[in-house]
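Taking it in order: structure first as structure tokens, then the write-up.
The values are calculated or read from the model by the stated rules, or taken from the named source; none is laboratory data. Everything numeric in this text was worked out from a predicted model, so none of it was measured. Cβ coordinates were reconstructed from backbone atoms using ideal geometry, including for glycine residues, and neighbour counts include every protein chain displayed.
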Amino acid sequence: MKPEPRAEGRRWLVQAENDLRFAELASRERFFAQACFNSQQAAEKALKAFLYARGAEQVMGHSVADLAAECARLEPEFAELKERAAPLDQFYLSTRYPNSLPGGIPAEAFTARDAERALEMAREVIAVVKRRFQ
């Protein structure tokens, strides 16, 4: 049975908010790579929430920029958001895999400033999506 679009969107938005809370916790505990990754995940899931709420049956991909562009086809505000949130895409792989950082490891490569920037971007994405649910 196909889920009701708004309910499915809300489900994804709740998970996005949960990921954001975990990212905040990780940052406070100085796990900056994990804070960056979970910020990316929060933004990705929030954008997918919007698309599911608008009736998408399956949303593929992990790029925040690509998902925001897809959202912008439905709501122009997302075009501007795409530019501001696109840097989150750099945290999808590099925060988890040593081979994405030749000579380094994620646990040592990311800083408090990286985490704060990622959190700010994720918060903005979630705020924009939440406004669409009201």
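The set of residues from the range 50-75 being in a loop (DSSP other than H, G, I, E, B) and of a type outside the set (Ser, Thr, Tyr) comprises ARG54, GLY55, ALA56, GLU57, GLN58, VAL59, MET60, GLY61, HIS62, ARG73, LEU74, GLU75. Of all residues in the range 96-115, those that are under 20 Å from SER27 (Cβ atoms) have Cβ atoms under 9 Å from Cβ atoms of residues that are modelled with pLDDT under 95 and assigned to a loop (DSSP other than H, G, I, E, B), 6 or more apart or on another chain, in GLU108/LEU101; ALA109/LEU101.
Rundown of residues vs (1) assigned to a helix (DSSP H, G or I); (2) touching a residue at least 12 places away in the same chain (Cβ under 8 Å); (3) within 22 Å of ALA107 (Cβ to Cβ), yes/no style:
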residue: ALA7; (1), (2), (3): yes, no, no
residue: TRP12; (1), (2), (3): yes, yes, no
residue: ASN38; (1), (2), (3): yes, yes, yes
residue: LYS48; (1), (2), (3): yes, yes, no
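Here's the yes/no breakdown for (1) surrounded by 15 or more Cβ atoms within 10 Å (Cβ to Cβ); (2) modelled with pLDDT of 95 or more; (3) more than 16 Å from ALA16 (Cα to Cα):
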position: TYR52; (1), (2), (3): yes, yes, no
position: LEU67; (1), (2), (3): yes, yes, no
position: ALA72; (1), (2), (3): yes, yes, yes
position: PRO76; (1), (2), (3): no, no, yes
position: ALA86; (1), (2), (3): yes, yes, yes
position: ASP89; (1), (2), (3): yes, yes, no
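Quick check on the range 65-86. Is at least one of its residues of a type outside the set (Ser, Thr, Tyr) and on the phi > 0 side of the Ramachandran plot? No, the conditions are met nowhere in the range 65-86.
Name the single residue that is surrounded by the most Cβ atoms within 10 Å (Cβ to Cβ) among those in the range 120-134 being under 14 Å from the mean Cα position of the chain (by Cα) and without any contact (Cβ under 8 Å) to a residue 40 or more places away in the chain. For the range 120-134, the residue satisfying everything is GLU120.
Working carefully through the options ARG117, ARG96, ARG54, find the one that is more than 17 Å from the chain's Cα centre (by Cα) and not β-branched (Val, Ile, Thr). So the residue among ARG117, ARG96, ARG54 that is more than 17 Å from the chain's Cα centre (by Cα) and not β-branched (Val, Ile, Thr) is ARG54. As a summary of the residue check, SER63 satisfies the conditions (1) over 11 Å from the mean Cα position of the chain (by Cα); (2) of a type outside the set (Phe, Trp, Tyr); (3) surrounded by 15 or more Cβ atoms within 10 Å (Cβ to Cβ); (4) more than 17 Å from ARG123 (Cβ to Cβ) except for the one numbered (1).
For the range 20-52, the set of residues classified as touching a Phe, Trp or Tyr at 6+ places or on another chain (Cβ under 7 Å) and over 17 Å from GLU124 (Cα atoms) consists of PHE32, ALA33, TYR52, listed by residue number.
Candidates are the residues of the range 91-119 that are among the aromatic types (Phe, Trp, Tyr) and part of a loop (DSSP other than H, G, I, E, B); the one that is surrounded by the most Cβ atoms within 10 Å (Cβ to Cβ) is PHE110. Scanning the range 6-53 for residues that are touching an Asp or Glu at 6+ places or on another chain (Cβ under 9 Å) and more than 22 Å from SER63 (Cβ to Cβ) yields one hit, SER27.
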